[in-house]
Amino acid sequence: MTRDLQPTLLVGAAALAAFGVSLVNFAAQGTVDAQVGLTFGTVLVAFGGVFVATRRFAPEAVPHLLPPVAVIAGFGFVEIFRLNPFRAGLQRWWLLIGAALAAVVLAWIARNGLPSLRRYRNTQLLVAVGLLLMPLLPSEGSLPIRGLEVNGSRLWIEIDLYITQLNFQPGEVAKLLFVVFLASYLADRQPALKGAHRRIGRLTLPEPRQLGPLLLVWLGSLGILISQRDLGASLLLFLVFVAMLYVATGEGGYLVGGGMLIAIGGVASWQMFDHVQRRVSAWLDPFGAFEDAGYQVAQGIFGMGTGSLAGSGPGLGQPELIPNAITDFIFAAVGEEFGFAGTVAVLGCYALAIATGFGIALRSRDRFNKLLAFGLTFVFAIQTFLIIGGVLRVVPLTGIALPFMSYGGSALVGNFMLVALLLAVSHEEATR
Amino acid sequence: MNGPMRRMASLVFLGFGLLLGALTWFQVLGANGYRSDPRNVRTAINISGKERGLIVTSDGSVLARSNPDPDDPQAYLRSYPEGPTFSHVVGYTSRLVGEAGLESAYRNELRSRRDLTISDVIAALFGRDLRPENVLVTIDAELQRAAAAALEGSRGAVVAIEPSTGAILAYVSSPSYDPNAFLGETAVANRQAVLDDPAEPIRDRAGAELYPPGSTFKVVVAAAAVETGLAGPETAFDDPVIYELPGSTATIGNANGGPCGDGVTVTLQAALVRSCNTVFAELAVRVGAGAIGQTASSFGFERSIEFPWSLAESTFPESDLTDDAAALAQSGIGERNVRVTPLQMAMVAAAVANDGEVAQPYIVSQVFDADGNAEEVAEPRVIGRPMSPATAVVLTEMMERVVTSGTGQQASITGVRVAGKTGTALPEPGQPDVWFIGFAPVEAPQIAIAVMLEDGGPLGESGSGGSVAAPIAGSLMERYLVRGDS
């Protein structure tokens, strides 16, 4: 792909989203309205804006990351618009805000350089932990920032801006900070961590002292699970940590140890928490628990099965039967209305974006850049896998936003910043 | 670091492979199962308000149609002009309470293809007709209405078959319900009222409920006896007042309490004409469970019969009866372990009428497009040969005597030779299930019929097959044949 193709592809993605919205319009009212133009404009301005920012601040960045992401965002937007036009209006603003923040990130890195991210490492970790803990703030009281409980999980904060209130999931930004911190920490400590192992028979185990951080992060993840009842974020943080540790050191023992800790944590939380048990039983037999815990998964599968190869067509299915169809289950809603053709296209775009991310990591020579690109890509990939896998019964359902598709401003902002960082790394590595 | 990184990337794409595999199952290979799952209301929602094809009889009676909705120019309203009379055949399709009957079995043919789905658009591009197809049923509308009227106020069923083809001429289960009540906004409450009705109108007594056949089962036992050469019409049997069940102190007596004939010997023919239990109990033991079971299964027992909806399987549990002569003797007179549907007993009568061949019963003769061109036409076929044509002639003669001089005299029709057999089963004391199976005219059968009423019909405890079911069967066959002649 030549670089000149990128604007064409982004216009194509915007046109695709606009065409989808026009079909939804037509199915609902038999005519087409201004939403079509607005959608085209939003997608084009958002992703075109990021593209212009890369031209200016990171001209050597890889050209094939933005187009698949724009297509994904377009698909998601059509389905959100079809299910909840009001929320689609909000999502439109979040797309623009996320894109603007991505441009800011690109500009800031162009001015200060990627290494500047390594400067306040411990502060970053503290901020990340602080952000993660913010939803635990009291939900009543005079503080301008309050914790919120939504669907039994405590992931949200409500920011009082006096004129209006803004709800935000600080965890979406915290996980970026966590990856930046880990990349920086592991880049420095890599020689020490590597080779620090002892052999027991044929098994190579890391030095017990080196397992300290592993256990610490494991406990932290469990803490998130217990205090916020958020299976997804807990699993995500721990998986990213183990994967980055393994990549930095090449020690398979970390994978084995991490796997064992996940197993222990999984079994323990299954025994301790009702909500984990419900998730697991809904995973094993959603149709047996149709009236209860399995309803959402079963409805998602019914939707995708009814959609079959070609789908019902946008606006012509019944994805509103699926609970949380615009957030956790947006993939099932796409499956119902766009069919197997649509879901394979979406899955292909994710695969393309993720492969591009891994490519950036593999080609990077600087240790920090390499780990950063890998960690960011891995976060993106694991989120995608966990939530689509949950919808498709490959893994138990965890409430995680599908990157760039699910409705939700915080996730969109976080993922735009993630893409901006990846673009910055690819530019920096290309110009070294 | 690139080695571990490549391995982690491979792991991620392995995970994506799993996602693709799961997706292929849910949306391609297993999609039909999920789409048609009864808990998946999407199909019902999709077709509500859309145009659907007609369900009609050959005389032009409309059983189901779609009319334009006066309130919404784009929508249609389904209606069932015949109301309860055809409900167990036509069924219903309702956004709120699901679907049943032909409306369910022929949903793909009856639906409009103007759905704007991609596959329908492709079909349109290739010039395929998008209008819904229509279903022509074999039911004779007038006979169906007459049968429903005859069962009015009783619980029971009438099934009539054209013996040579297997075409269903009447399929009535009484009491019935009005499928129109399942269509509107009050569908859920209306359906609950139907489900709560103690007379259980939702049940399909014609084909999906099992009853003891009583003495009508003697036709099956006689067919097995004649076919195996163990007995003929003139074979003489002992004529005791009671038959002692082998290995038991229990006994079987005749309906009149006395002997069947002169108290010394009686022929098989006389025993069938007078419906003597003593003789048939002994005959069943002589013929044996194996031979009776084989004949029964050729008639369609113990087999799932292909039909637009699921039928109950009539049973003659051969393996349970092989070593239990007492149970075999009781089963030989249609009690104990034998259970049948009225449809199955109509097939028994039809097989005797059709030179011993059982025709596959069918209820849809044609699916035709909006211009009236046939798309699918039913092909009659034979699914069993329980007896030779010679045996069928012998049985026909015996069954004709039942109507001319035996228990089935009330089924006789002036100027038409009728063959038949009555039955009165007593699963519960005082609540006889009364039966008549038969066919006419004997020389060239055009209709075979089974009539069954629970609890003795209007006569209650004192009702019998001969006094309640036989006259209904006679008048229905007369109506069908007389009109057919004119």
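The values are calculated or read from the model by the stated rules, or taken from the named source; none is laboratory data. None of these values were measured; they are calculated from a predicted model. Ideal geometry is used to build each Cβ from the backbone, glycine not excepted, and the neighbour counts take in all protein chains shown. Areas reflect the complete protein model, heavy atoms only, side chains present, ligands, DNA and RNA absent. Shrake-Rupley method; radii C 1.70, N 1.55, O 1.52, S 1.80 Å.
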Given 12 as the ceiling on other Cβ atoms within 10 Å, longest exposed-site-free region of chain A for GluC sites (Glu not before Pro) in DSSP loops
A:141-290
Given Cβ point charges of +1 (Lys, Arg) and -1 (Asp, Glu) and nothing else, what value in debye, to the nearest 20, does the dipole of chain B about its Cα centre take?
1460
For segment B:297-387, convex hull of alpha carbons as volume per residue, Å³:
106
Identify the GluC sites (Glu not before Pro) of segment B:355-448 meeting these criteria: DSSP loop state and at most 16 other C-beta atoms within 10 Å of the C-beta.
B:443
Just by accessible area at a 1.4 angstrom probe, what is the order of B:435, A:270, A:218 from largest to smallest?
A:270, A:218, B:435
Take the alpha carbon atoms of segment B:457-483, find their center, do the same for segment B:274-288, and report the distance between the two centers in whole angstrom.
26
For a quick protection proxy, order the peptides B:93-105, B:217-229 by their average other-Cβ count within 10 Å, most packed first.
B:217-229, B:93-105
So with the 1.4 Å probe, I'd like the accessible area per residue for the protein assembly as shown, rounded to whole Å².
40
Rounded, prolate or oblate: pick one for chain A, where a ≥ b ≥ c are the square roots of the eigenvalues of its C-alpha gyration tensor, a/c under 1.5 means rounded, and failing that, prolate if a/b is larger than b/c, else oblate.
oblate
Test of the criteria: in segment B:374-417, which trypsin sites (Lys or Arg not before Pro) are in a DSSP loop and have at most 13 other Cβ atoms within 10 angstrom of their Cβ?
B:381
Per-residue [θ]222 nm for the protein assembly as shown (sum of -39500 (n - 2.57) over DSSP H runs n ≥ 4, rounded to 500):
-16500 deg cm²/dmol
With every protein chain in place, what's the accessible area of residue B:195 (1.4 Å probe, Å², nearest 10)?
80
Chain B: relative contact order from alpha carbon pairs under 8 Å, six or more residues apart, as a whole percent, is 15
Cleavage-rule hits (chymotrypsin sites (Phe, Trp or Tyr not before Pro)) in segment A:59-167: DSSP loop, at most 12 neighbouring Cβ within 10 angstrom:
A:162
What are the residues whose amide H is under 5 Å from the amide H of residue A:289, where those residues sit 5 or more places off or on another chain and H is modelled from the backbone?
A:294
Segment A:306-349 and segment A:89-166 have their Cα centres apart by a whole-number Å value of 30
Are there cysteines in the protein assembly as shown with no other Cys C-beta under 4.7 Å, and if so, which?
A:349
Once all protein chains are kept in place, residue A:64 shows an accessible area at probe 1.4 Å, nearest 10 Å², of 70
Span-rule helices in chain B, defined as complete DSSP H runs reaching 20 Å or more along the axis (Cα) with Kyte mean at least 0.0:
B:2-24, B:389-405, B:470-485
So what's the projected area for chain B, the Cα convex hull averaged over all directions, in nm²?
31.8
Can you give the accessible area of residue A:244, probe radius 1.4 Å, in Å² rounded to 10?
0
Residue by residue through segment B:459-464, which ³J(HN,Hα) values in whole Hz follow from phi under the Karplus form 6.51 cos²θ - 1.76 cosθ + 1.60 (θ = phi - 60°), with glycine and proline marked x?
7, x, 3, 8, x, 9
Computed ³J(HN,Hα) along segment B:438-454: with the Karplus parameters 6.51/-1.76/1.60, θ = phi - 60°, integer Hz and x for glycine or proline, the list is x, 7, 6, x, 4, 6, 8, x, 10, 9, 10, 9, 10, 10, 9, 10, 6
Over segment B:364-486, what is the relative contact order in percent, taking alpha-carbon pairs closer than 8 angstrom and at least six residues apart?
19
Taking only C-alpha positions in the protein assembly as shown, Rg and Dmax in angstrom work out to 37.9, 121
Relative contact order in percent for chain A (Cα pairs under 8 Å, 6+ apart) equals 22
Accessible-area composition of segment A:66-188, carbon plus sulfur, in percent [1.4 Å probe]
64
